[in-house]
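The values are calculated or read from the model by the stated rules, or taken from the named source; none is laboratory data. Just so it is clear, the structure is predicted and the values come from calculations on it, not from any experiment. Backbone-built Cβ (ideal geometry, glycine too); neighbour counts: all protein chains shown.
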Amino acid sequence: MTPTLKGDKDMKLLKIEDNKGYYFVIQDKFATVDKITKEDLLRLVSLTLDMNQEVEFDEYDVDNLKNKAHQIIYKNIFEKLQELKKRRKEYTDESERLYLTEYEKYREEPPQQDV
């Protein structure tokens, strides 16, 4: 999957164009936010949490979104992804700590013998 890049590193995940809200689908393709699925949301979250990728979003602006449904959906997705982006280092560190804890616990368990 080739992301939509702005500059050298930034990938735009949410944009407002022609008074509609759009989300990144694949390559240079975007779909309107009223068509978003659970899988699309999970992919956007994953892209946002990727420490190797800088992401950006068009700021939520009620005046640029004429459709009420787009206003509500875009605002909610925008706010959640912004929060994830701000805290992604914290989430990544916590995830790595949990993985390490489980790995060490597994490593310390004696092998199970078949009876």
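Data table
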item: Residues within segment 49-99 that are over 16 Å from residue 36 (Cβ atoms), assigned to a loop (DSSP other than H, G, I, E, B) and polar (S, T, N, Q), tallied; result: 2
item: Qualifying position, being surrounded by 12 or more Cβ atoms within 10 Å (Cβ to Cβ) and at pLDDT below 95, among 89, 75, 85, 105; result: 85
item: Pair list, Cβ < 7 Å and 6+ apart or interchain, from segment 11-34 residues that are farther than 20 Å from residue 79 by Cβ to residues that are assigned to a strand (DSSP E or B); result: 25/31
item: Failed condition for residue 58, given (1) more than 12 Å from the chain's Cα centre (by Cα); (2) surrounded by fewer than 16 Cβ atoms within 10 Å (Cβ to Cβ); (3) within 18 Å of residue 10 (Cβ to Cβ); result: (2)
item: Subset of segment 35-44 (residues that are of a type in the set (A, V, I, L, M) and either touching a residue at least 60 places away in the same chain (Cβ under 8 Å) or crowded, with 17+ Cβ neighbours inside 10 Å (or both)); result: 36, 44
